[in-house]
1. Whether any residue in region 58-77 is of a type in the set (Phe, Trp, Tyr), farther than 23 Å from residue 17 by Cβ and more than 11 Å from the chain's Cα centre (by Cα) is what I want to check.
2. Please enumerate the residues belonging to region 91-121 that are aliphatic (A, V, I, L, M), open to solvent by 40 Å² or more (accessible area, probe 1.4 Å) and under 18 Å from the mean Cα position of the chain (by Cα).
3. Exactly one of (1) open to solvent by less than 30 Å² (accessible area, probe 1.4 Å); (2) of a type outside the set (Val, Ile, Thr); (3) within 9 Å of the ligand (Cβ to nearest atom) is unmet by residue 56. Its number?
4. When you look at residue 24, is it open to solvent by less than 50 Å² (accessible area, probe 1.4 Å), at pLDDT 95 or above, within 17 Å of the chain's Cα centre (by Cα) and within 16 Å of the ligand (Cβ to nearest atom), yes or no?
5. Report, by residue number, each residue of region 27-37 that is open to solvent by less than 50 Å² (accessible area, probe 1.4 Å) and more than 9 Å from the ligand (Cβ to nearest atom).
6. Condition first: more than 19 Å from residue 116 (Cα to Cα) and open to solvent by 90 Å² or more (accessible area, probe 1.4 Å). Now tell me which residues in region 38-53 satisfy that.
7. Do we have any residue at all in region 131-141 that's of a type in the set (A, V, I, L, M, F, W, C) and surrounded by 18 or more Cβ atoms within 10 Å (Cβ to Cβ)?
Amino acid sequence: MQTTSAASPVTPSTTSFSPVGVIWLKLAVIYLIIGVGMGIMMGASEDFTMRPVHAHVNLLGWATMALAGLIYSVFPSAGSSKLARVHFWLANVSLPVMAVSLGFVVSGSRSVVPVLAISEILAAAGIIAFAANIFLNLKGR
Ligand code: HEM
């Protein structure tokens, strides 16, 4: 039987990637489960009111966070920076508040609009921190 060494150039080594993106990837998968669960519920009930919540949980929660996790794993200098911590907390505090308040607003509770607006500003600030981090701390090896 043929065996391959862990140090073989054709075998990806688990030590090639920094663990700084792991928490991002695990949270992204949790958002994916929630987003997909909402999609299945909408399809089953034929009530698509929560469509924007589903889209934002999947796109900001799953797609954007998974991409950040992968980028931060490949570029640990960016992943372990202060801007990455700012990005992490802004993204993960804003999205749950935004998802719940958006759910209320699309269901007709207009009084929640200020909470939604604040969460959206925080989410946008997180994206700005991410962009600044990429421009300032992404270094080729
Ligand atoms: C099993 C997985 C999923 C199911 C069952 C599902 C289900 C749905 C349903 C029922 C709608 C509403 C369609 C309509 O109104 O005609 C929808 C819309 C949408 N979904 Fe999903 N979805 C899934 C995964 C995803 C993922 C992974 C993403 C993004 C990464 C995504 C992004 C969107 C977007 C952007 C919309 C349009 C929202 C809008 O028009 O306001 N979905 N999905």
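The values are calculated or read from the model by the stated rules, or taken from the named source; none is laboratory data. A quick note: this is a predicted structure, and the numbers were derived from the prediction, not measured. We place every Cβ from the backbone using ideal geometry, glycine too, and count neighbours over all the protein chains shown. These area figures cover heavy atoms from the full protein model, side chains too; ligands, DNA and RNA do not enter into them. Shrake-Rupley method; radii C 1.70, N 1.55, O 1.52, S 1.80 Å.
1. As a first pass, look at region 58-77 and keep what is of a type in the set (Phe, Trp, Tyr): 62, 72, 75.
If we keep only those that are farther than 23 Å from residue 17 by Cβ too, we end up with none.
No: zero hits.
2. Once the filter is applied, which keeps residues that are aliphatic (A, V, I, L, M), open to solvent by 40 Å² or more (accessible area, probe 1.4 Å) and under 18 Å from the mean Cα position of the chain (by Cα), region 91-121 yields 93, 97, 100, 121.
3. Looking at each condition in turn, residue 56 falls short on (1).
4. Details: open to solvent by less than 50 Å² (accessible area, probe 1.4 Å): yes; at pLDDT 95 or above: yes; within 17 Å of the chain's Cα centre (by Cα): yes; within 16 Å of the ligand (Cβ to nearest atom): yes.
Spelling it out, residue 24 is indeed open to solvent by less than 50 Å² (accessible area, probe 1.4 Å), at pLDDT 95 or above, within 17 Å of the chain's Cα centre (by Cα) and within 16 Å of the ligand (Cβ to nearest atom).
5. Those that are open to solvent by less than 50 Å² (accessible area, probe 1.4 Å) and more than 9 Å from the ligand (Cβ to nearest atom): 27, 28, 31.
6. Once the filter is applied, which keeps residues that are more than 19 Å from residue 116 (Cα to Cα) and open to solvent by 90 Å² or more (accessible area, probe 1.4 Å), region 38-53 yields 40, 41, 46, 48.
7. Restricting attention to region 131-141, the residues satisfying the condition of being of a type in the set (A, V, I, L, M, F, W, C) are 131-132, 134-136, 138.
From what's left, surrounded by 18 or more Cβ atoms within 10 Å (Cβ to Cβ): none.
Within region 131-141 (the criterion being of a type in the set (A, V, I, L, M, F, W, C) and surrounded by 18 or more Cβ atoms within 10 Å (Cβ to Cβ)), the answer is no, since none of the residues qualifies.
So that you can scan it fast, the table gives a plain yes or no per residue for (1) assigned to a helix (DSSP H, G or I); (2) more than 15 Å from the ligand (Cβ to nearest atom); (3) touching a His at 6+ places or on another chain (Cβ under 7 Å):
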{"site": "39", "(1), (2), (3)": "yes, no, yes"}
{"site": "49", "(1), (2), (3)": "no, no, no"}
{"site": "60", "(1), (2), (3)": "yes, no, no"}
{"site": "89", "(1), (2), (3)": "yes, yes, no"}
{"site": "95", "(1), (2), (3)": "yes, no, no"}
{"site": "101", "(1), (2), (3)": "yes, yes, no"}
{"site": "120", "(1), (2), (3)": "yes, yes, no"}
{"site": "123", "(1), (2), (3)": "yes, yes, no"}
